[in-house]
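Read through the structure below, which is laid out as structure tokens, and then see the notes.
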Amino acid sequence: MSDTDRKVFPMESILALVAGKEGKNIKEIAGYITGRSLARDCCVKSIGPFAAAWLARLYPKFLELEWKEDMSWDTFVSKGKRILGDNASLTPMDGRTKFLVDQVLDYLAESFKNLQIQTSAAAELEGRVRALEPVEAMAASLQKKCDGLEDKIKFMNTDMGALRRQVGEFQGKVAINHNELMQNIKDAIKDGLKGLVVGGVAAGAMANADAGESVATEESSVPDDFGFGTSGVSSDGFGF
């Protein structure tokens with residue numbers, strides 16, 4: 001590999017890439033050794049372990065540099081510079097390391113694409129929900145009114161049931177035949193008139209028995225067509 005394939009970077013920036021830190025120089029180093037444009041910090045952090053393996057391949061002494069939990073960042077950088085120098089010359093990845101890095105970055109790119117689609121769909125759905133909020137409120141109001149109407153209907157049905165029971169008590173008890181009732185009224189009036197006529201004749205007979213007998217006999221006879229007849233247009237009214 002020629003010198004033109006190499007590029008020198010500050011040791012602190014190289015160690016920051018390996019440790020998963022953020023920064024402009026770190027993205028530059030990551031893009032150079034992977035041969036890809038890495039705009040997202042998460043993609044840069046994801047290749048940290050691969051960068052460490054690549055650095056160890058180029059500089060075996062890197063394996064002597066051990067990160068400890070109680071070690072400060074400045075201490076770690078100072079130790080790295082003592083082992084590897086203030087700067088390091090790197091080449092782009094190749095072989096198996098390059099293949100694995102490409103798989104990881106392709107997966108992340110596809111994941112971000114799907115995430116953008118889902119985010120867009122979620123935003124659209126949220127917009128629809130906001131548009132439906134007034135309708136939902138109206139539906140809730142209508143539902144409340146419907147519930148009130150259902151209660152009124154139940155109350156009215158209860159009253160109707162009571163009325164039906166009351167009507168049922170009278171059904172079959174009162175049955176009036178109009179024609180029979182009119183005939184009974186006519187017969188009662190005729191009987192009353194006959195009594196009045198007979199009474200008058202009896203009083204006259206007390207004064208004159210002989211003469212009154214023939215008159216009483218004649219006047220006591222009531223013709224069959226006496227009493228009710230037609231009145232007006234209908235034939236079922238009263239008339240003389």
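The values are calculated or read from the model by the stated rules, or taken from the named source; none is laboratory data. The model shown is predicted, which means the values in this text are computed figures rather than measured ones. Here the Cβ positions follow ideal geometry from the backbone for every residue, glycine too, while neighbour counts run over all protein chains shown.
On the given criteria, is D70 among the charged types (D, E, K, R) and in a helix (DSSP H, G or I)? No; evaluated as a whole, the condition is false for this residue.
Residue by residue, here is whether (1) part of a helix (DSSP H, G or I); (2) hydroxyl-bearing (S, T, Y); (3) surrounded by 15 or more Cβ atoms within 10 Å (Cβ to Cβ); (4) under 57 Å from the mean Cα position of the chain (by Cα) holds:
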site: A52; (1), (2), (3), (4): yes, no, yes, yes
site: K61; (1), (2), (3), (4): yes, no, no, no
site: R82; (1), (2), (3), (4): yes, no, no, no
site: S111; (1), (2), (3), (4): yes, yes, no, yes
site: V135; (1), (2), (3), (4): yes, no, no, yes
site: A139; (1), (2), (3), (4): yes, no, no, yes
site: L142; (1), (2), (3), (4): yes, no, no, yes
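With respect to the conditions (1) touching a residue at least 40 places away in the same chain (Cβ under 8 Å); (2) polar (S, T, N, Q); (3) surrounded by fewer than 18 Cβ atoms within 10 Å (Cβ to Cβ), S46 falls short on a single one, namely (3).
Modelled with pLDDT of 90 or more, part of a helix (DSSP H, G or I) and of a type in the set (V, I, T), is that true of T75? Spell out how you get there, then give the answer.
On the way: modelled with pLDDT of 90 or more: yes; part of a helix (DSSP H, G or I): yes; of a type in the set (V, I, T): yes.
Here the answer is yes, as T75 does meet what is asked.
Out of curiosity, is G127 modelled with pLDDT of 70 or more and not aromatic (F, W, Y)? Reasoning before the result, please.
On the way: modelled with pLDDT of 70 or more: yes; not aromatic (F, W, Y): yes.
So G127 passes the test.
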